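The values are calculated or read from the model by the stated rules, or taken from the named source; none is laboratory data. No experiment lies behind these values; they were computed from the predicted model shown. So basically every Cβ, Gly included, is an ideal-geometry build from the backbone, and we count neighbours across all protein chains shown. Surface accessibility is based on the protein's heavy atoms, side chains included, excluding ligands, DNA and RNA. Shrake-Rupley method; radii C 1.70, N 1.55, O 1.52, S 1.80 Å.
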Amino acid sequence: MTQTTLLNYEAPWPVYGIDWCKTPAPGQQLRPRSAFRLAISSFSEDFRNRIAIVGLQDERVLVEDDYTDYPDFVTLVEASHGYPATSIQWQPAAATSYAWSQKPPGAELLATTGDALRIWEYTSDAPPAMSSYVGRQPSAGGHRLVLKTALSGQSKVQTQSNTGAPLTNFSWNEKAPSLVVTSSIDTTCTVWNIDTFTAITQLIAHDREVYDVAWLPGSTDIFVSVGADGSLRAFDLRSLEHSTILYETPAPKTASSTTSSASSGRLPTAPLLRIAFNPADSNYMATFHMDGSDIQILDMRSPGQPVMELRAHRGQVNALGWGSTDQPLLATASDDCQLLLWDLSAYTNLPHSAATSPRPTGPTGSGGTSSGRGSHSPRPDAKKRTVTDPVLAYSTQTEINNLCWSPQIAGMMMNTGHSTAPGEWVAIAMGKSVKALKV
């Protein structure tokens, strides 16, 4: 019996936001298919956008059998979102054991950004009702998705409306899941306590729009951000009077040159769109430029220039993300209709035992950085490496807009006697289609 390595879902609208649940549903450890739930959001240029949670119709779709004629994923519940969600995320795994003051024990939290930071409560306290038709199932059988709050504080930057500016992205703290930091087009980042629905602090982070933000793994104080000014900056909530510029977009380069050259006609700063830490060694981060086809790997101990550049895409990069193993793969997706997986462990020399990297002691002045205490991974050579050989390439028929990783999913035994192997999955969004691939 062959195990399924590809799962499909067709949405009724173009999909942009996508995230894989971090834990099985509460009380459903005996229903392992709840580890296969995705949160997705639509993108349409109007006020009729939707978010939805989709899940496996049946565990048996994970093995090739008589279920190949049925959809893999079905809609469990959906809700109206108004403006498009710029990001949608499930609660971190630590949220299941966190002492929330207001969340019901059986509920799971989701968050979205757009015109505000919205916190949603999802409950699935009953098995889904059987449907007599194939395809999208209505929100039946106890699945409920309820808006809990919408947070949109007044901006430090003067605006005509005196309301919060649109939010571009957010990062949910995995160690303290009540902390969420958002990035905005008004140049600010805001740290929220979503348990008390209050803003802890707001700071002007960049000279132009801020496009992405990420907590340093294992830290509740340090986060980084990227933006339209072409810089990657680090902030420490304990000393907000200083920030660290870890990287700035180099001078423009011509198509034929491999080093930066100020003679090109391109704008001097290409915006940085995304930033993601390697969860196994938080010294390393991945980012990419707007309209760029290369991915830059940066090291917090070697600020100023990338230590690696990944070159294999033939169109602009749209999304990236790291897996969750001890030596995680990096996934990148592009307008060239390709999902590429990169194994960088040979270049970073990460030992197998280094599951985490101690956080830095904190950013110092602008342009400087502090090294990690007792860091397991050696500092890389100052010379930038160019990597052109991904370990896996998956081609599609259309541009890939976004991607997300599953956590490590345990193998499951079915009552038919079939079993599935443990492992990770990568989900990609393209047009109205979502595909999940077993890695």
* **Residues satisfying the stated conditions in segment 400-439, i.e. under 18 Å from the mean Cα position of the chain (by Cα) and not in a strand (DSSP E or B)** => Ile400, Asn401, Ser406, Pro407, Gln408, Glu424, Val439
* Asked: On the given criteria, is Ala107 at pLDDT below 90 and open to solvent by less than 70 Å² (accessible area, probe 1.4 Å)?
  -> no
* Structure fact -> Gly153 fails exactly one of (1) at pLDDT below 95; (2) closer than 12 Å to Leu117 by Cβ; (3) buried (at least 18 other Cβ atoms within 10 Å of the Cβ), namely (3)
* Asked: Do you know which of the residues in segment 58-82 that are without any contact (Cβ under 8 Å) to a residue 60 or more places away in the chain and either open to solvent by 20 Å² or more (accessible area, probe 1.4 Å) or touching a Pro at 6+ places or on another chain (Cβ under 7 Å) (or both) is farthest from Trp405 (Cα to Cα)?
  -> Asp66
* To do: Scan segment 210-240 residue by residue and report those that are open to solvent by 30 Å² or more (accessible area, probe 1.4 Å) and either free of Cβ contacts under 8 Å to residues at least 60 places away in the same chain or not in a loop (DSSP other than H, G, I, E, B) (or both).
  => Tyr211, Thr220, Arg233, Leu237, Leu240
* **Selection from segment 384-399 of residues that are under 16 Å from Asp336 (Cα atoms) and in a strand (DSSP E or B)** => Leu392, Ala393, Tyr394, Ser395
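Pick out the one residue from Val146, Val191 that is open to solvent by less than 30 Å² (accessible area, probe 1.4 Å) and at pLDDT 95 or above.
Working: Val146 fails: open to solvent by less than 30 Å² (accessible area, probe 1.4 Å).
Val191 is the lone residue from the list that is open to solvent by less than 30 Å² (accessible area, probe 1.4 Å) and at pLDDT 95 or above.
Look through segment 1-57, keep the residues that are part of a helix (DSSP H, G or I) and open to solvent by 10 Å² or more (accessible area, probe 1.4 Å), and return whichever of them is nearest to Ser334 (Cα to Cα).
Initial filter on segment 1-57 (part of a helix (DSSP H, G or I)): 32-35.
Restricting the remaining residues to those that are open to solvent by 10 Å² or more (accessible area, probe 1.4 Å) gives 32-33, 35.
On the way: Pro32: 32, Arg33: 29, Ala35: 27 Å.
Ranking the qualifying residues of segment 1-57, first place goes to Ala35.
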* Inspect all residues belonging to segment 118-127 and state whether any of them is in contact with a His (Cβ under 7 Å, 6 or more places away or on another chain) and at pLDDT below 90. => yes
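So which residues in segment 162-187 are outside any strand (DSSP E or B) and either at positive phi or in contact with an Asp or Glu (Cβ under 6 Å, 6 or more places away or on another chain) (or both), if there are any at all? I'd like the intermediate steps shown before the answer.
Here is the first cut: in segment 162-187, the residues outside any strand (DSSP E or B) are 162-166, 173-178, 185-187.
Residues satisfying the conditions are Asn162, Ala165, Pro166, Ser178, Ile185, Thr187.
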* Gln305 vs. criteria modelled with pLDDT under 95 and open to solvent by 20 Å² or more (accessible area, probe 1.4 Å) -> yes
* Structure fact -> If you go through Pro363, Pro390, Pro358, Pro378, the only one that is at pLDDT below 90 and either touching a Leu at 6+ places or on another chain (Cβ under 7 Å) or open to solvent by less than 30 Å² (accessible area, probe 1.4 Å) (or both) is Pro363
* Identify all residues within segment 275-302 that are of a type in the set (Gly, Ala, Ser) and open to solvent by 10 Å² or more (accessible area, probe 1.4 Å); write none if there are none. => Ala276, Gly292, Ser293, Ser302
